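Before any comments, here is the structure.
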Amino acid sequence: MLIENSSLSCYLKDVSGKLKSAGELAEIAVRAKAQGKSVVFTNGCFDLLHRGHVHTLREAKAQGDLLIVALNSDRSVKSIKGPRRPIMPETDRIELIAAMEMVDYVVVFDEPDPYGLISAIKPDVLAKGGDWESDKIIGADVVAQNGGRVAVIPYLEGFSTTEIIERIKDGENL
């Protein structure tokens, strides 16, 4: 039986308020820091959301008080990953990331990297998954110049979108 009364839902939170512009997030970050809160920033494509993403976001949130997730737009993903990506459109990826309890805000960016966003927001912590070498983390210089730090989140082996796509194509069980 389908229950039509949405008041019975276990999830009543509207996640649309989490989607912000770069300018809004820069202001939010200034206010948060004035209140003594630390701002954490991470980014990614988050195509085919999986356990590795959840792990990274959970650990990123543990690095501070406010977690901002920058999401590559569809155009940005295509420029990085090729014409057959993303698998999921940005509207779906926005809603999935915003629905996660550890995520405070989401911003979408069209560029191949989030350097401009990091420069505008000036987070206290820049968190990236362990599949990134620390000397290749984009925006680390901006964060360091502003007294912040980079947190490399240990990589959860076997959980990457590319690996999952390959296993599906090979007919393997996930």
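Any read-out appearing in this document is the output of simple, stated calculations on the displayed coordinates, not a laboratory observation. The structure displayed is predicted, hence computed values, not measured ones. Glycine also receives a Cβ, built like all others from the backbone with ideal geometry; neighbour counts cover every protein chain displayed.
What the table shows:
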item: Ranked 110, 104, 47, criterion: other C-beta atoms within 10 Å, fewest first; result: 110, 104, 47
item: Sites residue 80 and residue 33, calculated FRET efficiency, Cβ-Cβ separation with R0 25 Å, nearest 0.05; result: 0.25
item: Likely footprinting exposure, 68, 80, 97, fewest C-beta neighbours within 10 Å first; result: 80, 97, 68
item: Charge context of residue 104, other residues only, Cβ under 11 angstrom, K/R +1, D/E -1; result: +2
item: Phi-based couplings in Hz for segment 111-120 (Karplus 6.51, -1.76, 1.60; Gly and Pro marked x); result: 6, x, 9, x, 3, x, 5, 4, 5, 6
item: For residue 139, residues with placed amide H under 5 Å, excluding near neighbours; result: none
item: Segment residue 87-residue 136, length gained on full extension (0.36 nm per residue, minus Cα span); result: 15.1 nm
item: FRET efficiency for residue 24 and residue 172, using Cβ-Cβ distance with R0 set to 35 Å, rounded to 0.05; result: 0.25
item: Chain lengthening between residue 16 and residue 54 when straightened (0.36 nm per residue, less Cα-Cα); result: 11.7 nm
item: Under-5 Å amide H pairs with residue 38, H placed in peptide plane, nonlocal only; result: 65, 66
item: Anisotropy class of segment 14-169 from Cα gyration tensor, a/c 1.5 cut; result: prolate
